[in-house]
Amino acid sequence: MFGKLATQIGWFVIVGCAAAATHWAVAVACVAWAGMAPLVANVAGWLVAFGVSFAGHYRLTFRHQHAPLRRAAGRFFLVSALGFAINETAYATLLRLTSIPYDILLALVLIGIAGMTFILGRCWAFRHNR
């Protein structure tokens, strides 16, 4: 049991880092190159990163749970949207309250959402009802 959990956590970290890096890079590029406001750019980053995150978690992190693709996609979208809502709220609040640069602040917020995503992904989104 612990071996499977350790493997899932390992893949979760790898996939999560890839998705977070994608999210961060897209958001920063949208600010720097397209002149978007950071909160709008954050939405674009999340939408692109969702594809990276779902594909990686479905194929790698939670593959042993054998969840049906369509159900897992819908559920994981809800988990991701909840995480994003918390992310956007925290990000907006912290942008107003601190002088931390927007890109560093976004990286900190993204890390903060990861634990919730793992638990909800493992226990609900990718769970296979037998």
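Read-outs: derived from the displayed coordinates by stated rules, not from any lab. These numbers were taken from a predicted model, which means no experiment stands behind them. Cβ atoms come from the backbone with ideal geometry, glycine included; neighbour counts cover every protein chain shown.
Within this structure, Val15 passes the test of being in contact with a His (Cβ under 6 Å, 6 or more places away or on another chain) and either among the β-branched types (Val, Ile, Thr) or in a loop (DSSP other than H, G, I, E, B) (or both).
Out of curiosity, is Gly3 assigned to a helix (DSSP H, G or I) and touching a Ser or Thr at 6+ places or on another chain (Cβ under 9 Å)?
no
Among the residues of the range 78-130, those that are out of contact with any helix residue (DSSP H, G or I) (no Cβ under 8 Å at 6 or more places or on another chain) and either among the basic types (Lys, Arg) or crowded, with 16+ Cβ neighbours inside 10 Å (or both) comprise Arg96, Arg130. Of the set (1) in contact (Cβ under 8 Å) with a residue 24 or more places away in the chain; (2) among the hydrophobic types (A, V, I, L, M, F, W, C); (3) in contact with a Ser or Thr (Cβ under 8 Å, 6 or more places away or on another chain), all apply to Leu105 but (1). For the range 7-55, taking the residues that are touching a residue at least 60 places away in the same chain (Cβ under 8 Å) and among the aromatic types (Phe, Trp, Tyr), the one that is surrounded by the fewest Cβ atoms within 10 Å (Cβ to Cβ) is identified as Trp24.
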